[in-house]
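These notes are about the structure you will find just below.
None of the figures in this text is laboratory data; all of them are computed from the coordinates on show. Remember, predicted model here, so these are calculated numbers, not experimental data. FYI the Cβ positions are ideal-geometry reconstructions off the backbone, even for glycines, and counts take in every protein chain you see.
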Amino acid sequence: MAAAGRRKRLHAVTQRRVSSPVAAFRQRVSVGPNEGRHIVSRGKDMKKGFVIGFGQDMAASVAAAREAGLDGVELMYLEPTMATFADVADRKRILEESGLELAAVGLWRVGFGDPAESGHADVIKAGLDFAAELGASCFYTGTGEPASNDKVGVLAECYPEWEQRAADAGMDLAVYLGHAGSYLFSEVALAETVARIPSIGLKLDPSGIIRNLRAEPLYVLSKFGGNLAHFHVKGLLRLADRELEPPPGLDGLPWAPMFGILHEHGYDGWVMAEPHSPLWCRPDHWALYAKLTFQCLGPYMA
């Protein structure tokens, strides 16, 4: 995304800080005619990226992304600590030499609403600074798992400050669903969270919606796609006796209507290929996975 375009959207985030929640919601979205559907207008095309999985070699992953003709990569960290971000100079050098963008940095098994004694807030701050230094477009982590009967309330209390931090650093902010570090394991929890925090950004992937939210991705994307800030794609093919995870478009998921829904919402962010099986997670298969993914999905992204 062009820097000017990102600054324009982030200025809107900053302006929302002084608005009421309802005004903030109306600034961010326009409500369409179909059951509260809202459409976000950002004014750019979707970009193609590759997720560098937990522990994967960054240089090899970047090489695969370049071979596949992609626009960028994403860094993910499982249970990060303060020491996780000490290699920022090396990461920055690899990106600059490759000419690729950094789509996002994701921190897993930590979250915004975690108890203070966990120390996760300091780790998230360090991770956000790390992402900003590398020029990431998006930063995401978990909602947290607060020890409260009102988990959404805990997140609603702290999220605006995190959103402002990300905006000041030139990044979108999002939360992931359906894994440790997040309380979002149901559509009910997701609906309540979006209702009470209308500006919240979501990192979504269709197979994760099926497996972890136990929901239908077409419905979830239709209902919550106005809050989509970052999009992962990985294939899922459910057979009678097992599951396979081929590249998206070679699987059993309804990618054409899903992208139709994304266009209805005006989504124009990153689409990240994420290998997710023993075969496709092999380094010698990364470039082929990315090529096949976007040969299938690329026509829907125009």
Neighbourhood charge, 13 Å Cβ-Cβ cut-off, centred on residue 210 and excluding it, Lys, Arg +1 and Asp, Glu -1: -2
Extension gain (nm, one decimal) between residue 133 and residue 195, 0.36 nm per residue minus Cα-Cα: 19.1 nm
Estimated FRET transfer efficiency when R0 is 35 angstrom, pair residue 125-residue 60 (beta carbons, to 0.05): 0.75
Descending Cα extents along the principal axes, segment 147-235, whole Å: 35, 33, 22
Isotropically averaged projected area of the chain, using the convex hull of Cα atoms (one quarter of hull area), nm²: 15.0
In Å, descending, principal axis extents of the Cα set of segment 212-273: 37, 21, 19
Residue 168 paired with residue 295, simple spin-label distance in nm, labels 7 Å along Cα-to-beta-carbon: 4.7
Which of 241, 45 has the fewest Cβ neighbours within 10 Å, and the rest in rising order: 241, 45
Given charges at beta-carbon only (K, R positive; D, E negative), |dipole| of the chain in Debye: 880
Paramagnetic reach from residue 79 in segment 98-115 [backbone N under 16 Å; point 7 Å along Cα→Cβ]: 107-111
Computed P(r) (all Cα pairs; segment 43-173; 10 Å bins; percent): 12, 42, 31, 13, 2
Residue exposure sequence - 57, 205 - by fewest surrounding Cβ within 10 Å: 57, 205
Residue-wise HN-Hα coupling along segment 220-225, computed from phi with Karplus coefficients 6.51, -1.76, 1.60 (Hz; x: Gly, Pro): 5, 5, 5, 7, 10, x
Sorted by Cβ neighbour density within 10 Å, fewest at the top, the residues 108, 280: 108, 280
log₁₀ of I(q)/I(0) at q = 0.15, 0.18, 0.28 Å⁻¹ - segment 179-219, Debye sum with one point per alpha carbon: -0.34, -0.49, -1.13
Excluding exposed DSSP-loop trypsin sites (Lys or Arg not before Pro) (at most 11 other C-beta within 10 Å), longest clean stretch of the chain: 1-213
Structure-based [θ]222 nm, the chain - -39500 (n - 2.57) summed over DSSP H runs of at least 4, per residue, nearest 500: -13000 deg cm²/dmol
P(r) of segment 141-295 over all Cα-Cα pairs, binned every 10 Å from zero, in whole percent: 10, 37, 34, 16, 2
Aspartates and glutamates whose Cα lies under 15 Å from that of residue 92, excluding same-chain neighbours fewer than 8 positions away: 57, 74, 101, 129, 133
Two-site label geometry, residue 90 and residue 158: point separation in nm, points 7 Å out along Cα→Cβ: 3.0
